[in-house]
Structures are given as C-alpha cells and as structure tokens.
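Participant: Just dropping this structure here.
No value in this document is a laboratory result; all are computed from the given coordinates. No experiment lies behind these values; they were computed from the predicted model shown. Quick reminder, even Gly has a Cβ in these numbers, built from the backbone with ideal geometry, and neighbours come from all protein chains shown.
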Amino acid sequence: MRITVLGCWAPYPRPGGACSGYLLQDAGGNVLIDAGHGSFSHLTRFIHHGDLRAAVITHLHPDHYVDLHCLRHAVAAELMHNRRQRKVQLFIPSEPVHIFAELSACTDAFEIIPIESLPEEEVPPGVRVRCGSVGPVQFFFLPARHSLPAYSLGIEGSGYMVYSGDTAPTEELAALAREAGIFLCEASGQDGDEEHCGDRHMTARQAGALARQAKVKELIITHFFPEYDLEALRAQAGAAFGGRVELATEGDTYFLY
C-alpha cells in the first residue's frame, strides 16, 4: 500500500500547491481520496486519469471535492472515445443535498455510491462505520465531528492506515486508528487556536495527542493553513505524540506493508 500526497493545504493552497488530495495505490488499483483545489493537476503527475478506478470524498467542502469537476470531464472524454471501459466509482456523502444532487447528475463519468447507503458494521467493536470496498481494499467510513456531514476513513489492504479527514478529536477516531501503520491526521490549528477549531478541526497538538492515545506507528500531519509555520506545527504535534512526526509534503509517497 502506498499513499501519495497531491495536496495538503486548507482552505486555499500556497502558490503552486493544492488542497486536500491523496492517491492511494494498492492491489493494482488507484483510488483518489479527496479532490480539493489543484489536486487533479497533481494527480496527473503520477498516473494517467484513465487509470483511476475510484474516488472517495470525505465531505463536500470545496477544498475536499471541487476538482471532481476536472475529473468528471476527463473521465467522460475517455469513455466517449472508448479509451476506458468503466466509470469511476465515486463514494460521496449525500449532504449537503444541493451539492450531492449536482454531483450525482454526472452519470457520464461517475458511478455514484452514497456513503450512507453502505452497510453498517462495528469496526472495531463498539465503533459503528459504513463499509465499502474497491477491489480487495476495504474502506471504513466513520462519522466525523465537523461543520457538515463528514467522515474519517480506515483503509485496510496490504496494510492498515487511517485518514482523519476534517474532524475534531473523538474517542471513536482514536479507536479506529488504534495501532494503524499510518495515521494521516489534520492539523488545522496551532497552539491557541483551540476555540477557533472548536467542534470542526484539530490543532497540531490535538492531532499528536490523539495519535499517542491510538498508539499509531507513524503520524503524518496535513491540512495546513498556508500562513502557518509548518515546523512549529510539527513541534507541537511531536510534543504531544512523543515521537517523530512527518509533514505531509506534496509529491511525497509513503509506503505501508
């Protein structure tokens, strides 16, 4: 399993950068996780868009989904010219309703899978998630604490990793991330931003504390406000985690076995 950072900024990117987007590659399949501003362009540095099998969107804020419109046109053109045989599976929340309606109308490119339509299970025991799959790779969708319906992701394939998406810290997320090989966690705020982050986001220190609680093997922080000093965020997360913290860096690939 490998995860490549396409974009790590929020709610807008630094010059030349992109907002949330990650390329998951495992078992011969390519899956786009989130599609924020600029992420489609960065995706095509690593694979041809015709080789993308699925996309998973954690929530419908623009810095996490807006480049689906780029992907839609690219996929529709490939299908029209018989250069690909299947539509892209698109896992998305069904709210806000008006955005879901707009995206679900894009049937020329996407096979729409509302996350809320997926079967519900307890993974781990006591934590209820929605379960989906792309080939042999399993996705566990955990409801997040955010300003609109959102999900954190557990991803199980040749390894196990967790992506927080946008969320305040929760006990359920700590349980989902328990001993994960990689925990890709938002760090939207620095020390002093706790009130601003509220029930929507995490500070870097909160991300570190959650990772320590979950005993994850590797913590990678992401979802950076472009004006902040990233080394300060790394230090704050590391102090709470008690170990080395990686900064999500566009173009970097992380491997998990």
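Participant: Arg145: net charge of surrounding residues, Cβ under 10 Å, Lys/Arg +1, Asp/Glu -1, itself excluded?
Facilitator: -2
Participant: Now for a separate question. Can you work out the Karplus-derived ³J(HN,Hα) for every residue in segment 65-74? Use 6.51 cos²θ - 1.76 cosθ + 1.60 with θ = phi - 60°, whole Hz, and x for glycine or proline.
Facilitator: Listing the rounded values in order: 9, 5, 6, 4, 5, 5, 4, 4, 5, 5 Hz.
Participant: Quick one: grab the alpha carbon gyration tensor of the chain, order the square roots of its eigenvalues as a ≥ b ≥ c, and give me rounded if a/c is under 1.5, else prolate or oblate depending on whether a/b is larger than b/c.
Facilitator: Judged from the Cα gyration tensor, the chain comes out prolate (a/c at least 1.5, a/b above b/c).
Participant: Ordered by residue, what ³J(HN,Hα) values in Hz, to whole numbers, does segment 78-84 give under the Karplus form 6.51 cos²θ - 1.76 cosθ + 1.60, where θ = phi - 60° and Gly and Pro are x?
Facilitator: Once rounded to whole Hz, the list reads 4, 5, 4, 9, 6, 9, 9.
Participant: Next up: How big is the dipole moment of segment 66-179 about its Cα centre under a simple scheme where the beta carbon of each Lys and Arg is +1, that of each Asp and Glu is -1, and everything else is neutral? Debye, nearest 20, please.
Facilitator: It works out to roughly 400 debye.
Participant: Additional query: Restricting to bridges with both residues inside the chain, how much of the DSSP beta-bridge set is antiparallel, in percent to the nearest 5?
Facilitator: The antiparallel proportion sits near 60 percent.
Participant: Grab the DSSP H runs of the chain that are 4 residues or longer, score each as -39,500 (n - 2.57), total them, divide by all residues and round the 222 nm result to the nearest 500 deg cm²/dmol. Please list the in-between numbers first.
Facilitator: Values: 8 runs with 63 residues, N = 257.
The per-residue figure over the chain is -6500 deg cm²/dmol.
Participant: Related question: Under 10 Å, Cα contacts only: if you run a Gaussian network model on the chain, which one of Val245, Val75, Val97 comes out with the highest mean-square fluctuation?
Facilitator: Of the options given, Val97 has the highest mean-square fluctuation.
Participant: Another question, if that's okay. Tell me which trypsin sites (Lys or Arg not before Pro) from segment 185-257 have a DSSP coil assignment and no more than 14 other beta carbons within 10 Å of their own.
Facilitator: Listed in order of number, the matching sites are Lys215, Arg244.
Participant: Sticking with this one: Along the charge dipole of segment 2-255, which of Ala77, Gly192, Ile92 sits closest to the positive end, that is, farthest toward it, with unit charges on the beta carbon of Lys, Arg, Asp and Glu (+1, +1, -1, -1)?
Facilitator: Result: Ala77, furthest along the dipole toward the positive end.
Participant: Additional query: Between Pro15, Pro169, Pro136, where does the largest GNM mean-square fluctuation fall for the chain, given springs only between Cα atoms within less than 10 Å?
Facilitator: Among Pro15, Pro169, Pro136, the largest mean-square fluctuation in the Gaussian network model of the chain belongs to Pro15.
Participant: Something else about it: Among Val56, Val162, Val127, which one shows the biggest mean-square fluctuation in a GNM of the chain, springs joining Cα atoms closer than 10 Å?
Facilitator: Comparing Val56, Val162, Val127 in a Gaussian network model of the chain, the most mobile one is Val127.
Participant: What angle do you read, to the nearest 10 degrees and between 0 and 90, between the alpha-carbon axis of helix 230-241 and the longest principal axis of the chain?
Facilitator: Approximately 70 degrees, to the nearest 10.
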